[in-house]
Amino acid sequence: MVDMDKIVSLCKRRGFIFQSSEIYGGTGSCWDYGPLGVELKNNVKRLWWRDSAQARSDMVGLDASILMHPRVWRASGHLDHFTDPMVDCRACKRRFRADKIDEEEWVHYCEATKGNKFMIPGGEACKHCHHLRSLCPACGKGELTEPRQFNLMFKTFMGPVEDDAAVTYLRPETAQGIFVNFDNVLQSMRMKLPFGIAQIGKAFRNEITPGNFTFRTREFEQMEIEFFVMPGTDEEWHQRWIDERFAWYQRYGIRKENIRLREHEKDELAFYAKRCVDVEYLFPMGWSELEGIANRTDYDLKQHSHFSGKTLDYFDDESKQRFVPYVIEPSAGADRSALAFLVDAYHEEEVRGEKRVVLRFHAELAPLKIAVLPLLKKNDRIVETAKKLTADLRRRWHAVYDDTASIGRLYRRQDEVGTPFCVTVDVQTVGDDKAAADEKVTIRDRDTMEQVRVPIGNLDTVMAELMAGHWSAVAGQHGIVKNSSGVSEVRLKTTNDGRG
Ligand code: ATP
């Protein structure tokens, strides 16, 4: 399994993700997306939006504000119930989530071995004294306090006066912005049940123990759907959404052995939820939640109706009945999805005795789609042609030009950031005193490292085919050519991260 350190280091080295405020020593659990990271995350959000809000006739979009009326959080139950149980170490003062503490590796000074120090995986007993953890997992010495409930909402003040009346909260989920706009959307868009509202936006949670890179942070982005249905049809719609969301991740490249569904136990369910299923991904630290898909019944609309005094219901023309719809909520994280796509794409291979790191992103997710590379940097005609090609391709795809290294190195650089295709311009393309220009360029496929040579005039059409995943068809039509740099890229041995 690829370890998280490799992913973190690649992300920093290649401009995907940096620690927030790094020059000041960094802030706990906040991360900044660099030039390639913002492209990846935007692609995740764009695909989700396209598939959820635009491609379906039963869905519309919304972008609600982060700051809301404080009573929203009373009505939603967040003020009273959005808490995690927290324990403190009496010695080192570190804090832990009581319900997750046994998942952590723990420090143990074992009496059976004269007090030797051991690091023991979460939930396991010491092999020597057979004791389970009872003290602080970090220092191994301190007693832990009794669990206290800690509210995860970030408190702030609205307006210039910092008094109790001005207290408000940064939203801990985007969902409530949808519920409070239910009637606005229903009326303005003349929606008929069943229909859904999709929203992407920032959410904030003062997590007790953030960590695992961008998996658990205090500021993150959610991609949420509230799908309103007639009571009685909710169970069927819930299952449909579970199937749809499970398939969505696989459509964009997540390998099926690394993704699974997990049904919530009855005692895990929120008190208003009828059923909840998580989509889990095999992250480097183990199976963890990528998305939760819950049947929230009519709880939220009823609560907001009760607290606001406004009726939030639906009149069904056919049955002439008025009722409060049930809601199915597929709630995903943009950051967790981007991280899962990154981890899943990561492969190490051995090519001609050298290690090749390649991110096998789905073309729609890849931050860069095409790199145009001149074979000889000193040949003006090659450089000029390559730059012009880049500008032409850029109108349609995110293309870059790079001439800062030898061709072999440039290929490896693009592999490492997951660029699906490289286009090489060489002497044959532009011609010289001995031969006329053939006006063809070489396209190299990231995954197979095969190359085809195509006329520049056809590049747009061929690229469109390739982006749609038709490499074999294009290769069949144009024929595989030898590597134009004369370097054989024959793959000797492939090792993915060992999970596939
Ligand atoms: P967890 O059990 O991991 O704390 P949760 O069940 O509280 O997650 P939800 O409230 O269901 O999470 O939020 C929906 C989605 O939002 C999650 O599946 C996840 O993708 C994302 N998410 C929630 N909390 C965080 C966080 N602290 N950092 C990054 N993403 C998050």
- Checked pairs for segment 288-306, first closer than 30 Å to Leu339 by Cβ, second among the polar types (S, T, N, Q) and assigned to a helix (DSSP H, G or I), C-beta under 7 Å and 6 or more apart or across chains, list as Leu290/Ser337
- Single match in Thr209, Thr174 (criterion: surrounded by fewer than 21 Cβ atoms within 10 Å (Cβ to Cβ), touching a residue at least 40 places away in the same chain (Cβ under 8 Å) and in contact with an Asp or Glu (Cβ under 9 Å, 6 or more places away or on another chain)): Thr209
- Task: Within segment 24-39, track down each residue that is at pLDDT 95 or above and out of contact with any helix residue (DSSP H, G or I) (no Cβ under 9 Å at 6 or more places or on another chain).
- Result: Pro35, Val38, Glu39
- Filter result (under 19 Å from Glu226 (Cα atoms) and within 10 Å of the ligand (Cβ to nearest atom)) within segment 266-288: Ala270, Cys276, Asp278, Val279
- Message: What's the number of the only condition in (1) of a type in the set (S, T, N, Q); (2) over 25 Å from Lys302 (Cα atoms); (3) crowded, with 20+ Cβ neighbours inside 10 Å that Gln149 fails to meet?
- Response: (3)
- Message: I'm checking my understanding of the structure. Among residues of segment 295-309 that are within 16 Å of the ligand (Cβ to nearest atom) and part of a helix (DSSP H, G or I), which one is surrounded by the fewest Cβ atoms within 10 Å (Cβ to Cβ)?
- Response: Tyr299
- Message: Here are the criteria: (1) surrounded by 14 or more Cβ atoms within 10 Å (Cβ to Cβ); (2) modelled with pLDDT of 95 or more; (3) closer than 30 Å to Cys136 by Cα. Tell me which single one Ser9 does not satisfy.
- Response: (1)
- The condition from (1) in contact with an Asp or Glu (Cβ under 9 Å, 6 or more places away or on another chain); (2) over 26 Å from Val454 (Cβ atoms) that Phe341 misses is numbered (1)
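Report yes if Trp49 is assigned by TED's automatic domain parsing to the domain that holds Arg205, among the aromatic types (Phe, Trp, Tyr) and modelled with pLDDT of 90 or more, otherwise no.
yes
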- Message: Between Ala371, Ala345, Ala340, which is touching a strand residue (DSSP E or B) at 6+ places or on another chain (Cβ under 8 Å) and within 16 Å of the ligand (Cβ to nearest atom)?
- Response: Ala340
- Query: Is one or more of the residues making up segment 135-154 free of Cβ contacts under 8 Å to residues at least 24 places away in the same chain and not in a loop (DSSP other than H, G, I, E, B)?
  - Reply: no
- Query: For His362, which of the numbered conditions (1) more than 16 Å from the ligand (Cβ to nearest atom); (2) assigned by TED's automatic domain parsing to the domain that holds Asp32; (3) within 30 Å of Arg240 (Cα to Cα) fails to hold?
  - Reply: (2)
- State which residue is farthest from Leu301 (Cα to Cα) when the search covers only segment 175-214 and only residues that are polar (S, T, N, Q) and within 13 Å of the ligand (Cβ to nearest atom). Asn212
- Query: Among the helices (runs of 4 or more DSSP H) contained in segment 327-432, which hold 1 or more residues that are within 20 Å of the chain's Cα centre (by Cα) and of a type in the set (Asp, Glu)?
  - Reply: 334-345, 407-417
- What number of residues within segment 9-37 are touching a residue at least 12 places away in the same chain (Cβ under 8 Å), in a helix (DSSP H, G or I) and either in contact with a Leu (Cβ under 7 Å, 6 or more places away or on another chain) or aliphatic (A, V, I, L, M) (or both)? 2
- Task: Filter segment 216-261 down to residues that are within 14 Å of the ligand (Cβ to nearest atom) and of a type in the set (Ser, Thr, Tyr) and give me whichever is nearest to Ala340 (Cα to Cα).
- Result: Tyr249
- Query: Does Ala435 meet the test of being surrounded by fewer than 20 Cβ atoms within 10 Å (Cβ to Cβ), out of contact with any Lys or Arg (no Cβ under 6 Å at 6 or more places or on another chain) and either of a type in the set (Lys, Arg) or over 26 Å from Lys41 (Cβ atoms) (or both)?
  - Reply: yes
- Taking Leu312, is it touching a residue at least 24 places away in the same chain (Cβ under 8 Å), within 24 Å of Ile178 (Cβ to Cβ), away from the ligand (no atom under 16 Å from the Cβ) and part of a helix (DSSP H, G or I)? no
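The values are calculated or read from the model by the stated rules, or taken from the named source; none is laboratory data. These numbers were taken from a predicted model, which means no experiment stands behind them. Neighbour counts are summed over all protein chains in view; Cβ atoms, including those assigned to glycine, are modelled from backbone coordinates with ideal geometry.
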